[in-house]
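Rule-based calculations on the coordinates, nothing more; no lab input. Source: prediction; values computed, not measured. Glycine also receives a Cβ, built like all others from the backbone with ideal geometry; neighbour counts cover every protein chain displayed.
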Amino acid sequence: MISSMEDNCIKFDPRLDVEFLQSIYEDDKEHALIVFSEFLKMAPTQMKEIEQNYCSDNVELFRQKIHKIKPVFSFVGLTELTAKAEILEKRCKEISHLVELNELYTEFKSYYRKTYPIIENEAIRLT
């Protein structure tokens, strides 16, 4: 009986916040798959909008877009990215031009690009 229970446990990639993911999904693979799939569909578009707002130096729209995507990162185990987004969002209230966030934003984008394939692999594994 114990081994079959173990088989039901979702094993997430250790590069993700496994503890957080297990706390929200428990053993509900179907729910996890829905959320991971939705993330893969919407995140690229939202990140593109964030980039466009950054390039046009629209601090308030940039802040709003970061705010909107911020919690979504946690739902796929990217809690570190949520934290980076939180910092970016807060800093937007202290600046007049987005170039002032260049280092933070570059780090944020880089981390997103590095971790997106992990989410893709997890979605495949969950099916």
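Would you be able to say whether some residue in the range 102-119 is small (G, A, S) and part of a helix (DSSP H, G or I)? Even if it seems obvious, please write down each step before you answer.
Step one: filter the range 102-119 for residues small (G, A, S), giving 110.
When the remaining residues are screened for being part of a helix (DSSP H, G or I), the result is 110.
Yes: the range 102-119 contains one or more residues that are small (G, A, S) and part of a helix (DSSP H, G or I).
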Conditions (1) touching a residue at least 60 places away in the same chain (Cβ under 8 Å); (2) surrounded by fewer than 17 Cβ atoms within 10 Å (Cβ to Cβ); (3) touching a Leu at 6+ places or on another chain (Cβ under 6 Å); number of the one not met by D57: (1)
Residues of the range 90-118 satisfying the condition of being out of contact with any Asp or Glu (no Cβ under 9 Å at 6 or more places or on another chain), crowded, with 16+ Cβ neighbours inside 10 Å and under 25 Å from I34 (Cα atoms): F108, Y112, Y116
Odd one out for P44, checked against (1) exposed (fewer than 14 other Cβ atoms within 10 Å of the Cβ); (2) within 21 Å of P14 (Cβ to Cβ): (2)
